[in-house]
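Report on the following structure.
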């Protein structure tokens, strides 16, 4: 019951912020989302898509506002990782609902897949919010980090905005389908990785 009230309050906050501030509101909310503050993009972008469908906003600007917001928020988390290091994150992460298990998950993912994980992670549940921290701790090249982060965010935000446009006034229904949506996205990413590995292997065998 308490969790339900928190979610409803969060939805109301997002709706009011975007309704009153438009693109600036989208940008600021997405900055917060990528800077480890638990404001879900699965609410921000579909509602913005609904506003596109009602003629109040334009889709390209919605996607760009969200994606640049993700980039700025990710820079914040990245430089926290660079400057403060892992110990600081573990000690104070609880204040933004970041548990040690979250960090360990993203660290493991980053070690396994390297720099490109910052791109793929933008399309993955759980990992996408926290991947900037281990990238910062590992002192990943900031230009490459920025390109991968913005590219992945652009795809994710475009998909969520499109869903909001299609759902229209029923945009809140995405909460009921978000788990299925995540599964589809994960499956797509896995297939893309497999195809990439096969293509790379074929090229190596031919050379």
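Residues in segment 146-157 that are surrounded by fewer than 19 Cβ atoms within 10 Å (Cβ to Cβ) and under 13 Å from residue 62 (Cα atoms): 154, 155. What is the number of the single condition among (1) touching a residue at least 24 places away in the same chain (Cβ under 8 Å); (2) out of contact with any helix residue (DSSP H, G or I) (no Cβ under 9 Å at 6 or more places or on another chain) that residue 22 does not meet? So residue 22 meets the others, but not (2).
Restricted to helices (runs of 4 or more DSSP H) entirely inside segment 1-119, those with at least 3 residues that are modelled with pLDDT of 90 or more and over 19 Å from residue 137 (Cα atoms) are 2-21, 23-34, 41-53, 59-92.
The values are calculated or read from the model by the stated rules, or taken from the named source; none is laboratory data. Remember, it's a predicted structure, so these values are computed and weren't measured experimentally. Counting neighbours? That spans all protein chains shown, and the Cβs are built from the backbone with ideal geometry, glycine included.
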